[in-house]
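Only one structure is covered here, and it is reproduced in the block below.
Here, each number is a calculation from the coordinates, and none is a lab measurement. All values derive from a computational prediction rather than experimental measurement. A quick note on method: Cβ atoms are made from the backbone with ideal geometry, for glycine too, and the neighbour counts reach across all protein chains shown.
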């Protein structure tokens, strides 16, 4: 009763789309006398229902489009690879197992490694489609392998077309429709953070929570802007600017972090209140205008610090210049975001041409260890089940291999794939029982296509209505997929009990082997992967400080763009997000020091040598609070020594002081606290065990 009461109108519309698409695909497949009409229905179910498992409702049209394109390309490549496998190893079962297992492992490696969703989805389809085509040919006869590959591709294309048509005709949902509003919310939230930094003082816990909220707004913007390229033609011209602002919005968060530190540093100087008042006066109206929406306000002109600070107050002047510089960078990014939002709302906006440009090149942070481990367990499971199939002589064993290949690749990216496959096992068992009823009770009473369509609609509707609910999603999808695999929709009046029973047992066995594989070969937990990602920030610091060639700012910010997205996807807490932003702020500060050192004349070599030495000490200082204090004091001493130079290098001194402030407040203590907390939990667990 609980699941019935939680069915919404959107779920019923989704069920209507799915049923109509299934009927259309089945009708066309039967009229054209295609080999396996169930494959067309499978394409409808997977393209439509797999995104529902993660969205909880009707998937946006952009997801449907890129899934359709990815499935079509992936099916074609997989069918082609299936032909190659059979052509080379049809008479050598052991070599076939090695080659097919190697291809499946390679595709799984790419699925885990690629961050680009269409490319990852294409590799996933290529992996298990190759095994589906080649294993079906082995199980039914290799003489018709080419016809089988063509039929698989044709019927998949038919199912994709039917599903896409229904999503377009029946109440389509556009995921990027609210993109301008989302962007306004992101810039408005960042503007509120700037106001807090200029006017109020907040505790670290409050700042961490607000950072989490702002990151959630960024994640929503990132999701919607990724759909814009498929859904709205008028947004395509702005795609480079949208891609660029996706990285700029994360640079905006780092700028907010540095602005907080710079304001805190200035607050200890004499005359700070007057300087902050002069900076707030032109800034606050601009921030209020951003929060209210409407027309684009002019970017404020900040006052010259020389007019506010005397030449004798050198320390105040340096710190005020640092606040002014960071505030100017943040305001420019906010202005850019608001202008982009207006350009999306009015495509004839005058700033449209200025906002377009070359799309930035992303620098990904691949998790090679996770990808290799997933590829290894896929290969081992495929080989062991293949050996059992070959040596047992089980005619329907190839079905187990097919489901193993599908499930083990399909849910490789899930945080806990074993739990998902357990749900699939439940759905598979129910599908076998329902399939038996259909084959021996329902189908004998059917006379014509209308009754066949109505009978198929019942399990399709049930599976569709179960899929949006997290607790039953895998059961619904597995039941629908397995049922369509077992039913012989092309010849509904020919009954083969032995064949059906063997197929049902093979489906259950393949699901069990997948579940056992995930249970025995456990992947690293999300917490361990989070620690690895944070450790990558430390290695990035070493590259910034010690690389002979200074990395570009775009490369550094692109790494932040990728890693923060992964931290959010893996469920990081506020402290870890703050740590990642802090470490990026430190990296940008060190990058600016190396860049400014080029203009420092005789001090260039000394500064670069000092920065390189700091990079060597940072990894060891991560769990030593005294080491952090020592490094911060050293940086402050460097800044103090530069005050004697003429002319005064305000930018260089400001970066050294910012560095010292970051070093005193960086996450070494937090990392140490997490380690101590983990140790205390382990000790308590040991005591409980005793």
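Values for this structure:
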read-out	value
Histogram of C-alpha separations across region 69-172, 10 Å bin width, %	16, 41, 30, 11, 2, 0
Residues 656, 174, sorted so that the one with the fewest Cβ neighbours within 10 Å comes first	174, 656
Label-point separation in nm, residue 640 to residue 165, each point 7 Å along Cα→Cβ	7.9
Calculated over region 239-278: convex hull of Cα atoms, volume per residue (Å³)	60
Sites residue 626 and residue 546 - FRET efficiency at Förster radius 30 Å, r taken between beta-carbons, to 0.05	0.80
Alpha-carbon centroids, region 377-404 and region 27-101: separation in whole Å	20
